[in-house]
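Asker: Before anything else, here's the structure in question.
The values are calculated or read from the model by the stated rules, or taken from the named source; none is laboratory data. Values in this document were obtained by computation on a predicted structure and should not be read as measured data. Virtual Cβ from ideal backbone geometry, glycine too; neighbours counted across all protein chains shown. Surface accessibility is based on the protein's heavy atoms, side chains included, excluding ligands, DNA and RNA. Shrake-Rupley method; radii C 1.70, N 1.55, O 1.52, S 1.80 Å.
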Amino acid sequence: MDITALNENFGLPGVLAFDEHSGLTRAVITTPAASATVYLQGAHVAEWQPAGHEPVLFMSGASAFKKGKAIRGGIPIIFPWFGDRHDGQPGPAHGFARTEEWEFGFAALSGDELHMSLLLTPSEASRALGFDHFRVVYHLTIGRELALQLTVASDAETPLVYEEALHTYFAVGDIHQTSVTGLDAVEYIDKRDGGALKVQTEDPLVLTRDTDRVYLDTASACVIDDTVNQRKITVDKTNSSTTIVWNPWAELTAKMADMEPDGWERMICVESANAAGASITLAHGEVHHMRCVLTVEKTPA
Ligand code: TA6
């Protein structure tokens with residue numbers, strides 16, 4: 001659907017409008033409770049700002065906003081594999097969902113919360129990668145909280161095996177003055193140490209170097225204490241047994257074309273996932289939901 005048709009079919013005056021930025025179609029949302037921007041490419045939430053709060057999501061100032069290129073920041077949707085593909089077949093890192101154009105399917109305002117849905121169905125690109133007979137729907141509730149639900153259905157005769165993640169980039173005032181709770185004593189794969197299996201001993205977790213940890217078998221919520229912005233961001237999740245914490249730090253950032261040199265100091269990824277041994281297997285007709293709710297609260301000075 002082109003932008004005119006999207007505005008005719010789903011536009012809500014003063015609340016939801018579609019436009020184009022750098023060749024990408026996006027939904028621009030403004031309600032009394034929050035403002036947000038969602039790109040149809042990747043069903044990518046690029047901005048979310050609850051009323052009375054600073055923006056919650058980090059967006060790299062050097063991010064490409066280009067067809068077929070992942071956006072660096074916001075909430076990329078990782079599907080159907082996390083990281084490199086594991087079955088020996090070729091395919092882009094983190095799967096194809098984040099660079100595919102999703103179909104806009106639904107929008108309705110309820111009070112001051114906007115409900116939206118976007119749909120991903122098989123394409124030439126997904127078929128070329130061996131993925132056909134699946135449907136993914138992404139429900140978003142945009143308000144003082146941001147509620148996200150990723151639902152996957154399999155229409156395939158053979159089992160659909162996949163990994164998924166909401167690869168959320170949170171904006172923080174200063175990574176050195178930021179901590180994360182909720183992962184104490186949880187086992188993790190340290191991808192910065194050859195994939196060594198470790199147990200977290202730090203509580204809270206304060207990053208002091210490039211970090212890429214895949215926490216296993218954990219359903220607990222995480223709380224990001226962003227002291228510089230005097231706020232706590234809670235990442236609450238359902239049907240997700242993996243959490244990833246990532247920050248590239250200075251050296252890796254310097255090698256990333258789509259990240260500004262000091263970007264690492266103002267972001268942390270805390271991702272809700274099913275990955276690294278927790279992949280989902282769906283038989284024909286089966287459905288799986290993964291849900292994540294973000295909330296922000298101010299902390300006293
Ligand atoms: O979620 C952490 C991670 O898997 C890291 O290993 C790092 O590669 C990051 O994602 C970013 O991946 P990208 O493909 O977006 O550059």
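Asker: By its C-alpha gyration tensor, with a ≥ b ≥ c as the square roots of the eigenvalues, how is the range 227-301 shaped: rounded for a/c under 1.5, else prolate for a/b larger than b/c, else oblate?
Answerer: Note, shape of the range 227-301 comes out oblate.
Asker: Can you give the three extents of the C-alpha atoms in the range 32-155 along their principal axes, from longest to shortest, in whole Å?
Answerer: So the three principal-axis extents are 48, 34, 22 Å.
Asker: Comparing I75, I189, I142, which has the greatest mean-square fluctuation in the GNM of the chain with Cα pairs linked when under 10 Å apart?
Answerer: Of I75, I189, I142, the Gaussian network model singles out I189 as fluctuating most.
Asker: To continue, here is another question. If the chain between T158 and R209 were fully stretched, how many nm would it gain, using 0.36 nm times the residue separation less the Cα-Cα distance? Write down the numbers at each step before the final one.
Answerer: Working: separation 51, 0.36 × 51 = 18.36 nm, distance 4.29 nm.
The T158-R209 span can extend by a further 14.1 nm.
Asker: Follow-up question, since we're still on this one. Return the carbon/sulfur percentage of the accessible area of the chain, one whole number, probe 1.4 Å, all protein chains in place. Could you put the intermediate results ahead of the total?
Answerer: Numbers: 6420 of 12640 Å².
Reported share for carbon and sulfur atoms: 51 percent.
Asker: Now a separate question. Calculated FRET efficiency, T121 and D84, Cβ-Cβ r, R0 30 Å, to nearest 0.05?
Answerer: The computed FRET efficiency comes out at 0.75.
Asker: Oh, and also: Treat every Asp and Glu Cβ in the chain as -1 and every Lys and Arg Cβ as +1, leave all other atoms uncharged, and give the resulting dipole magnitude about the Cα centre to the nearest 20 debye.
Answerer: Magnitude of the dipole: close to 200 debye.
Asker: Where does the Debye-calculated log10 I(q)/I(0) of the chain sit at q = 0.08, 0.16 Å⁻¹, using only Cα point scatterers of equal weight, no solvent?
Answerer: -0.33, -1.43
Asker: Using +1 at the Cβ of each Lys and Arg and -1 at the Cβ of each Asp and Glu in the range 172-301, identify which of N229, A250, L282 lies farthest towards the dipole's positive end.
Answerer: So the residue furthest toward the plus end is L282.
Asker: Rg to Rh ratio, the range 235-278, alpha-carbon atoms and Kirkwood radius?
Answerer: Using only Cα positions, Rg/Rh for the range 235-278 is 1.10.
Asker: For the range 163-301, give the magnitude of the charge dipole about the Cα centre (Cβ charges: +1 Lys/Arg, -1 Asp/Glu; no others), in debye to the nearest 20.
Answerer: Here the size comes out at about 180 debye.
Asker: Next question, about the same structure. Can you report the principal axis dimensions of the range 151-291 using only the alpha carbons, biggest first, rounded to whole angstrom?
Answerer: Largest to smallest, the principal-axis extents are 50, 32, 29 Å.
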